[in-house]
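See structure below.
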Amino acid sequence: MGYTNLQDCLSDLEARGELVRIDTQMDPSIEIGAVQRRVFEAGGPALLFTNVKGTTFPMAANVFGSLDRVRYIFRDTLDTVERLLKLKVDPFAALKRPWQYLGAPRAMWNSMPRTVQEGSVLANTTTISELPHLKSWPMDGGAYVTLPQVYTESPNKPGYARSNLGMYRVQLTGNDFEKDQEVGLHYQIHRGIGHHHAEAIDRREPLDVNVFVGGPPAMTLAAIMPLPEGIAELLFAGVLGGQRMRMVRRGKELPILAEADFCICGKVYSTHQKPEGPFGDHLGYYSLKHDFPVLHVEKVYHRDGAVWPFTTVGRPPQEDTMFGTFIHELTAELVPSVFAGVHEVHAVDAAGVHPLLLAIGSERYVPYAEERIPQELLTCGLSLLGNTQTSLSKYCLIAAREDDSALTAHNVPGFFRHMLERTDFTRDLHFITRTTMDTLDYSGISLNQGSKLLWAATGPKRRDLAYELTGHLPLPEGFGEPRVFAPGILVVQGPAHDKGRDQHDPRMRELADALEHAEGLDGFPLIVVVDDSSFTVEDWNAFLWVTFTRSDPATDMYGVHEFTHCKHWGTRGPLIVDARLKTYHAPPLEPDPDVEKRVDALGAPGGPLHGII
């Protein structure tokens, strides 16, 4: 049942022909990451780099690089996990179909970690300098652990039940970190480790932290699983892994995952911080250098035959997309039990996940009304923006199931068409300003701060969406290259942004004023201003990425015939979104051309990746 450690998993994948060994010496600085991204893009196998420059440890990549491979890795427990999750939706399901839940008691037993005195991971010690130093992108501030399992326990109530296991990136080298003594620990807002850190600060004592790398694949997935508050990820890992997680606990020391490949043990002291970053992140941009907690390293352990697993992130889709898709498959039916009135959610990967959330809700508050207007939808939307990881969403678009029972949030073109046909732009846009936002999103007014938009639409179709631009478009100087992207959506190229943070751009106001006299815009309720209209209209992935990662709702939305009435903003004409790169935005990720040429050579005849890339 499940894999005990990473070695078992890699051996099985190799036996199935789903893992390729690369014996050519590879550089963990930029080159290996570029290979991993290219192989993922090609739908290729898992990779085992056996000859890594600067270290004696092999590196494994793309282990979770396809949805089929993820399902295969967890094939022994997938049905049981799905049934256990369904019990939360329908607690009587086990009484109705008890034969389908015969494995439930075993699964619950597996959820309880097994405390042991020895573990394979303790076989050897090493230093931070001797670990693989993965640098994924040219401007990264140093080497990083990209698949860490960061484990902490509550200082107030130690033990597995209130533990936290999270995937918070760890910077091994660079900046001002003391060699082999300090590493950077980057955790964002709304993360479980923050509660433990706050408790430690209140107690005026350091927080013990263990960073596991490798080990049972279930631990990697559990570290990113959006579990309900109060359910420890370590317990879920046992259920998903099909066996109790073995944890080495000696006295009052923080437990160590016995089957991990590596473990970095250390302490975080109170408010001690140092600059961390930059780092090429999953939004497709660099997260910049900021002060974050420092982990003071005490020990670095590794097992015999240890393998360093890694991934690289960048503009979606990447390998981490597979995690999100798999988690959605597991948890989709839980949504109504967590958010009353909400039937479906879709944190859109192509837009960077947190920037854009699409949802289907109910509108039943006044069922006898002649026309439905957003009422219950607003309650649903505010619930999404106020709870769990969905609270990090920047744009929340929610439609009513009553208008179209076949509508799904996972058909993005169909969802946008539905919204644009029904939205009353004088009424249906609701802004939350000066609020918290995702740490990695630089479109706001400062780190962790920006605005949100709740866009709710229901009722009859209000307009026919246009497929082509028929009238004259009076664009001000600097604006041009109008392109119809999709029904009702017009993309316009604008001048380079040159203003500061937290202020409107007068040129966008000029555009809105000029379009008051335009003909044929009735069928285009949404206009998006970009730096490169040709790139933006290439496909939905490009459109979503540009539009929602490069705009802040309060700062970057304008309207033709816009108005403010009793603090409510609306527009009687098209909605304009300024999705240009701003002067204060983080730079987008760009590959190193020389490295890409070297990767091309690996795919040439005779190369280890010939036929794969």
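Within the chain, antiparallel bridges make up roughly 65 percent of the DSSP beta bridges whose residues both belong there.
Take every pair of alpha-carbon atoms less than 8 Å apart whose residues are at least six positions apart; their mean separation over the length of the chain yields a relative contact order of 13 percent. Ranked by the mean number of other Cβ atoms within 10 Å of their residues, highest first, the peptides 202-211, 16-25, 373-382 fall in the order 373-382, 202-211, 16-25.
Ignoring ligands, DNA and RNA, how do 76, 68, 556 rank by accessible area with a 1.4 Å probe, largest first? Kindly include the intermediate steps, with their values, before the conclusion.
Details: 76 70, 68 110, 556 5 Å².
Ranked list, largest accessible area first: 68, 76, 556.
With the charge dipole of region 271-374 set up from +1 on Lys and Arg Cβ and -1 on Asp and Glu Cβ about the Cα centre, the Cα lying farthest toward the positive end among the listed residues 339, 312, 352 is that of 312. Projected over every direction and averaged, the convex hull enclosing the alpha-carbon atoms of region 292-393 yields 10.4 nm².
Please work out the FRET efficiency for the pair residue 427 and residue 252, using the Cβ-Cβ distance as r and a Förster radius of 60 Å; give the result to the nearest 0.05. Working shown, then result.
On the way: r = 59 Å, r/R0 = 0.98.
E between residue 427 and residue 252, to the nearest 0.05, is 0.55.
One Cα centroid belongs to region 24-48, the other to region 264-293; the line between them spans 25 Å.
Counting charges near residue 53 (Lys, Arg +1; Asp, Glu -1) among other residues having Cβ under 14 Å from its Cβ returns a value of -2. Under 12 Å of direct C-alpha separation, and excluding same-chain neighbours fewer than eight residues apart, residue 53 reaches these aspartates and glutamates: 23, 27, 31, 130. Exposure check, 1.4 Å probe, all protein chains in place: residue 108 carries approximately 100 Å² of accessible surface.
Placing unit charges on C-beta atoms (Lys and Arg positive, Asp and Glu negative, everything else neutral), compute the dipole magnitude of the chain about its Cα centre in debye, rounded to 20.
1820 debye
Heavy-atom accessible surface of residue 365, to the nearest 10 Å², is about 120 Å², with a 1.4 Å probe and all protein chains retained.
Taking R0 as 25 Å, what FRET efficiency do you get between residue 477 and residue 516 from their Cβ-Cβ distance, rounded to the nearest 0.05? All intermediate terms of the calculation are to be shown ahead of the outcome.
On the way: r = 17 Å, r/R0 = 0.68.
The calculated FRET efficiency here is 0.90.
How much of the accessible area of the chain, probe 1.4 Å, is carbon plus sulfur, in whole percent? Accessible surface attributable to carbon and sulfur in the chain totals 50 percent. Across region 99-182, Cα pairs under 8 Å and at least six residues apart give a relative contact order of 27 percent.
Could you give the length gained on full extension between residue 470 and residue 203, defined as 0.36 nm per residue of separation minus the Cα-Cα distance, in nm?
Numbers: separation 267, 0.36 × 267 = 96.12 nm, distance 6.77 nm.
Using 0.36 nm per residue and subtracting the Cα-Cα distance, I get 89.4 nm.
Per-residue surface analysis assigns residue 499 an accessible area of about 60 Å², computed on protein heavy atoms at 1.4 Å probe radius. Packing order of peptides 469-477, 541-549, highest average first: 541-549, 469-477 (average count of other Cβ atoms within 10 Å over each peptide's residues). Using the Cβ-Cβ distance between residue 610 and residue 502 with R0 set to 60 Å, the FRET efficiency works out to roughly 0.70.
Using 21 Å as the Cα-Cα cut-off, could you pick out the over-long pairs in 461/567; 452/582; 135/179; 274/394; 135/582; 135/289? Present the calculation step by step, with values, prior to reporting the outcome.
Details: 461/567 27 Å; 452/582 18 Å; 135/179 17 Å; 274/394 28 Å; 135/582 26 Å; 135/289 15 Å.
Over 21 Å Cα-Cα: 461/567; 274/394; 135/582.
The percentage of C-alpha pairs in the chain whose separation is greater than 33 Å is 48%.
May I ask what percent, to the nearest 5, of DSSP beta bridges between residues of region 445-553 are antiparallel?
Numbers: 5 of 10 bridges.
Roughly 50 percent of the beta bridges in region 445-553 run antiparallel, per DSSP.
Report, in whole Å, the centroid distance computed from the Cα atoms of region 198-255 and region 118-135. Their Cα centres are 19 Å away from one another. Positive end of the dipole of the chain (Cβ unit charges, origin at the Cα centre): among 159, 472, 174, the Cα lying farthest that way belongs to 159. When the Cα positions of 125, 533, 254 are compared along the charge dipole of the chain, 254 comes out farthest toward the positive end, with charges on each C-beta of Lys, Arg, Asp and Glu.
Return one whole number: the accessible area per residue of the chain in Å², for a 1.4 Å probe.
Details: 24480 Å² over 613 residues.
Averaged over the residues of the chain, the accessible area is 40 Å².
Across region 135-212, Cα pairs under 8 Å and at least six residues apart give a relative contact order of 34 percent. Apply the a/c threshold of 1.5 to the C-alpha gyration tensor of region 1-53 and tell me whether it is rounded, prolate or oblate. In terms of gyration-tensor shape, prolate.
The values are calculated or read from the model by the stated rules, or taken from the named source; none is laboratory data. Note that the structure is predicted; figures quoted are calculated from it, not measured. Cβ coordinates were reconstructed from backbone atoms using ideal geometry, including for glycine residues, and neighbour counts include every protein chain displayed. The accessibility values were calculated without ligands, DNA or RNA, using every heavy atom of the protein model including side chains. Shrake-Rupley method; radii C 1.70, N 1.55, O 1.52, S 1.80 Å.
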